[in-house]
Each structure stands twice: as structure tokens, then as C-alpha cells.
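Single-structure report; data block below.
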Amino acid sequence: MAKINYQKKPSNNKRGYKNVLFVALIVVIGIFIYAAYGQSSSLKEVPLSQVVSQANNGEIKKITIKGNELEVTPKGESQPTEKSYKEAGSTIYDQGLKQNVDGLEVNPQPDSNAGGVWLTLLTTIGPVILISLVLFLMLRSAQGQGNQALSFGKSKARLYGNEKDKVVFKDIAGSDEAKQDLEEVVEFLKFPKKFQGVGAKIPKGVLLVGPPGTGKTMLARAVAGEANVPFFSISGSEFVEMFVGVGASRVRDLFAKAKKNSPCIIFVDEIDAVGRRRGSGMGGGHDEREQTLNQILVEMDGFEQGQNVIVLAATNRADVLDPALLRPGRFDRRVNIGLPDRKDREAILKVHFAKKPLAKNVDVDALAAKTAGSSGADLANIANEAAIVAARHNRKEINQADVTAAFEKVAIGPERKSKVMSEKEKELTAYHEAGHAIVGHVLPDSDMVHKVTIIPRGGTGGVTWFIPPEDKSYHSVIEYKDVLARMLGGRIAEEVMYGPDRVTTGAGNDLQKAAELARDMVVNQGMGKKLRDQVFQVDEGMMIEKIVHERQYSDETAKIIDDEVESLISEAARRARMVIKANKNKLEALKDALLEKETVEAEEVIMLLKGASLPKEAALY
Ligand code: ADP
């Protein structure tokens, strides 16, 4: 897409210009040298006495005299072939040449001393020209650097707006509410008079809040595209540099540029990089950031009515922003953009597959169902990966297998088939994964098993994949307890099959995730037994705050939290153990299938585990 870079860059032209100068210099010096020496250098130098005696003997046709230089043309030649020098102030006759030798033409010419003149010129003016040229070039490049140093305080904002294929709302799939909210902003930009006429103040700032990759930048560009106004884009982190004061001066510059191009949109990505709550830094280390933020506030306050510049800012952490940014007259409007739901995911996938040749058997709807929790950018990535996989197999169309491979690669990383596992390790991995699968399969509130594999992927030895049948926004205690049990299923399978002290580090990651989930349940979700309905969430600020923050609960509560977490984990382990022990034959069957095929798909897992039972003591209800 055509991008107009606002910052002047040293263009290639300049470099070309320098090269031409350099070549010209060499040519000029070459001409000087040729002029000085070139003309007569081909003549053979002979002593004057020889010339005189040859001439007296009638062997020479012509002698051309240029100053003290003689050019000699012997008989039978048409051009001079020899040269000689006579003494200054004397004539050639003084040197012994007879008068009127037959057939000899003596041709004195005015003393042009051409070579001498050129040589003098070269030795006197040459160095002057050379030094001037070098100085000139040096000055030019120094000036270039000077410009760069001066442009340091200039914003690096990129200006979009003139390109033909600009983004409009139609290009963005889903996000209907966000589009509706932003429709208003488009109207403000298109028909400001309508609003000013009834005394309405046009908003200055709109905050787009949503997880990364949900299309915030795209939406901002679409607003500019719909309103047909220029769009300045800059990232919050670009304001902040090593040098103090740069951020603030970049803000000033950006707003000045924008005002010149009004009506227009300024888009500040990652506003939280500069807009975090002030005063939280320790030891004044955030002065620069605060100055930048202050400058943004000053500039926004300084917008006069009718200026018609609207600032859109994107963040995924609206909670850490400085309240001053959110006051009326600043970013007082907020548009929330969530992760896409199934319908939107399908629409986004269709947008991204639209320009790619897709085989008829590809089920985009099923892919949308599997990709709960993915952002628009993730889905775009899957579509692209699928095209790459198809191309690598030299296919002209993307088929279902390519799409599945792309989805799995994006979701858990590429397969690492080359990693060598011993037979023993393979067996252990197969038991481990089969353990996850059985517990997940048997417990009623866990998700469905989608696939089990013992091919290492990403950073794991094998994967058991669960996919919820539908998008879920909320989770119950019962669901979480089943999830905890299936997370521990791998470790417990190892324990049941090999004995308690032969369990391996293969479960490290599972245990960590389980501990995190259990703590989250107790601390953040009020799902403890004793501490039911109480939350102890501490605002997670910046790193420094995390270190110094004080707990909002007493030591006794901390102890209870630890006990609650422990009891959740041990309950989960107990339930997993009961399920695995009760279904050992199924575990063996799935393990064997895994060892044979390495990957077992959902349907086969269901077939293999048919009849697996849930022991009464492991049931929650
Ligand atoms: P953000 O600014 O929220 O991080 P972007 O606007 O940069 O996200 O989106 C990244 C990419 O994801 C876009 O270039 C686009 O390809 C894709 N994308 C995200 N959301 C959508 C959507 N709703 N429709 C189509 N493509 C989308």
C-alpha cells in the first residue's frame, strides 16, 4: 500500500549526484594530465646535435619549433616522430644547422607552450579545486547530519490518506458495535457544521480498547477512509526516546502537522506506553514519559472549536491509563473491541480467504468454531499459513488439510518431527497424553477431546487438545475443577503406571498451569471454599508496583489462600487418579494407538474410550 513518509529521508538522488561529481572530477584531472603530457609524449626524444647533423645531411623533412621544443619529421614520414630541445635564447642555426638545407622545412611557431600552461594550471588550480570539492562534499554531508539531528524532535508520524485502496468499514468483518460507535466520528469529520450549528462540541479523543490484533488500527484507518480525511499514525512508544524532551517536542510537532492538514485523524497506537498513570514511577525515572503525556493533554486542550482534528488512541490496558487522559474534553469516548465471536470469526476468515483459491471441501465454519479466543490477526495468520502450506506442497488450491495444519501450527507451534525420543520416552509420553485425554473425556464438564498426539510441538513433548463445543464467556467452579483434574491427568497417569517416584519433569508445565488456575480461582474469582465470594485482586500495575505493592489481605488470609489452592489441587489429583485407575484398559488402548499412529483424532479417541466410566467418588454431582 502506498505510504507517504512524512519524514524527509536522504534520497537516492543525492547520492547519485555525489557520484556524478566524483566521476566528473576524475575526468577533469584526466584531461589536464592528457593536455600536459599526452600530446608530445609519443615522440622519441633525441639529442639536438643528432637532429642538427641529420638535418645537415638532408635526412629530415621538417622541423617545427615551439618555443625551445623541436618536433622532427624525418624524410618519408608524414608526422613528427622525434623531439628535441634547444637552449633558450638561441636559434637552431646557432646550434650548427646550415642555412637553406635542400628539402628541409623549418617552421617556427608562436611559443604556445600549451603543455606547460596546462601543467601550470593543473599544479596551481588543481589542488584548489580538489580541496574545494572535498570541503564542499564534507559540508554537504555534515549538513545532512545536522538536519537529522534537528529532526530528532520531529514526530515520526506516518501520513496515510492519499492511497487509492484505503480501508473502509466494509473491509472489516464483524465488530459491528465498534463500527456503529465510530460512525458518529465519521459524521463529525464529514459534517462538522451540522453539529456546531446546534452548539454541540465535537469530541476530541476516542479511546479504542481491546486485546492486540482485534483490528483497532484497521478501524481507525477505516474512520479516516470513510470520512476521506488524512490519517496520521504514530505509536506511543515512538514518542519516548533516550533524550529528555524529545517526546514532548514530537507531540508538539505531530499536532502542528495535524492542524495544518485538518480535518484529519491522529491515531496513537499503544497509548499506554506514554499514558500510564503519573506519579507511580519511583525516583522520578518517568519524567520524560510524564512530560510527553502532559504535552498531549496540553495539545488536546488547545484544540479550538472548528479545528476538526480527532485523536483516536488504541490500548489493551485502559485500566492503567492516567485518569487525566480520560477526562471530558480529552479521551472521553470509549469504543470497546472484544475478541470476535464465532460468527465474526467466520466472517473474518472469509475476508482473508476471499483472495485465496480455496478448495470446495474447506469448512470455514468448523474452523471458526475451533478458534475460540483467537483475534482477527490470529485468523489472518491462519489464512496466510494455510496458503503457505499449500504452496509448499505445490498445490494450486488450499485444501482442508492445509487449513488444519495451519491452524495447529498457529495454535501450538510447528511440529518438531525431527526430535528423537527413545522408545521408553515415547511410551511415557503416550501414557501421559492418554491420561489427559481420559480424564478430560470422562469428566462431564470438561471440553471435548479434539486430538491427541505424541509428536513434539512448540515446546511440548506431546499435546492433548480440548476444544469447547461453543464460545464460552463464563466458567463455573465445576468446570474449572474438571479442567484442573484433566491438567493433572498426565502426571497421574505416569504415577499410576510407573509408581509415585518415577514421575517425570514432563508434567512441569501442566502443574504450573494448574497452580495458576487454582490461585486465580481463589484470589480473583471468589471460588475458594472458605473464601467463597471474596476477591483479593491487587491492581497489577507496572513492574515496580508489583514489587512494592502491599498485599490487601492479612497473613492469616494468605495462609488460608494457600490452603485453598492446595486443597483444589489435591482434590483434582484425587479425581484424576480415580478416573485413570477405573479405566486402565482404555488408557492402555489409547496409549497403543498413540504409539502406533502418533496422532489420534477426535472420532477415534471417542471410539477407543467408549464405555469409559466415571467412578462415583470422582463425580461432583
Ligand atoms: P490492533 O491494532 O488491534 O492490534 P490491527 O488493526 O493491527 O490490530 O489488526 C491486525 C490485522 O488483523 C489486520 O491487518 C487484519 O489483517 C486482521 N484483522 C483484525 N481484525 C479484523 C477484522 N475484523 N476483519 C478483518 N481483518 C481483521
Would you mention how many residues in the range 195-223 are away from the ligand (no atom under 13 Å from the Cβ) and assigned to a helix (DSSP H, G or I)? 3
So which of I382, I388, I398 ends up being surrounded by fewer than 18 Cβ atoms within 10 Å (Cβ to Cβ), modelled with pLDDT of 90 or more and outside the structural domain of E601 (by TED's automatic domain parsing)? I388
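Have a look at G508, G541 and point out the one that is in a loop (DSSP other than H, G, I, E, B) and at pLDDT below 90.
Values: G508 fails: in a loop (DSSP other than H, G, I, E, B).
Residue meeting the stated conditions: G541.
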Every residue in the range 544-584 that is part of a loop (DSSP other than H, G, I, E, B) and at pLDDT 90 or above, please. N583
I need every pair where a residue in the range 60-75 that is outside any strand (DSSP E or B) has its Cβ under 6 Å from the Cβ of a residue that is surrounded by fewer than 19 Cβ atoms within 10 Å (Cβ to Cβ) and hydroxyl-bearing (S, T, Y), sequence separation at least 6 or different chains. N68/Y85
Taking A347 as the residue in question, decide whether it is outside the structural domain of I388 (by TED's automatic domain parsing), under 29 Å from the mean Cα position of the chain (by Cα) and within 16 Å of the ligand (Cβ to nearest atom). no
All but one of (1) within 10 Å of the ligand (Cβ to nearest atom); (2) out of contact with any Asp or Glu (no Cβ under 7 Å at 6 or more places or on another chain) hold for V185; state the number of the condition that does not hold. (1)
Would you please list the contacts, defined by Cβ atoms under 9 Å and residues six or more apart or on different chains, that run from a residue in the range 220-242 that is over 15 Å from E183 (Cβ atoms) and among the small types (G, A, S) to a residue that is at pLDDT 85 or above and in a helix (DSSP H, G or I)? S233/T217; S233/A220; S233/R221
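Restricting attention to the range 375-415, and to residues there that are part of a helix (DSSP H, G or I) and basic (K, R), which single residue is nearest to the ligand (Cβ to nearest atom)?
Initially, the range 375-415 is screened for residues part of a helix (DSSP H, G or I), giving 376-392, 400-412.
Now drop any that are not basic (K, R), which leaves 392, 409.
Values: R392: 22, K409: 17 Å.
Checking each candidate, the answer is K409.
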Residue under question is Q307, and the condition is that it be more than 16 Å from the ligand (Cβ to nearest atom), assigned to a helix (DSSP H, G or I) and more than 20 Å from L208 (Cα to Cα); does it hold? no
Does A589 fit the bill of being more than 23 Å from I478 (Cα to Cα) and more than 43 Å from the chain's Cα centre (by Cα)? yes
From G458, G435, G462, which residue is at pLDDT 95 or above, of a type outside the set (A, V, I, L, M, F, W, C) and assigned by TED's automatic domain parsing to the domain that holds K610? G435
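Confirm whether R342 is more than 11 Å from the ligand (Cβ to nearest atom) and exposed (fewer than 15 other Cβ atoms within 10 Å of the Cβ).
no
The values are calculated or read from the model by the stated rules, or taken from the named source; none is laboratory data. Because the structure is predicted, anything quoted here is derived from the model rather than measured. Cβ coordinates were reconstructed from backbone atoms using ideal geometry, including for glycine residues, and neighbour counts include every protein chain displayed.
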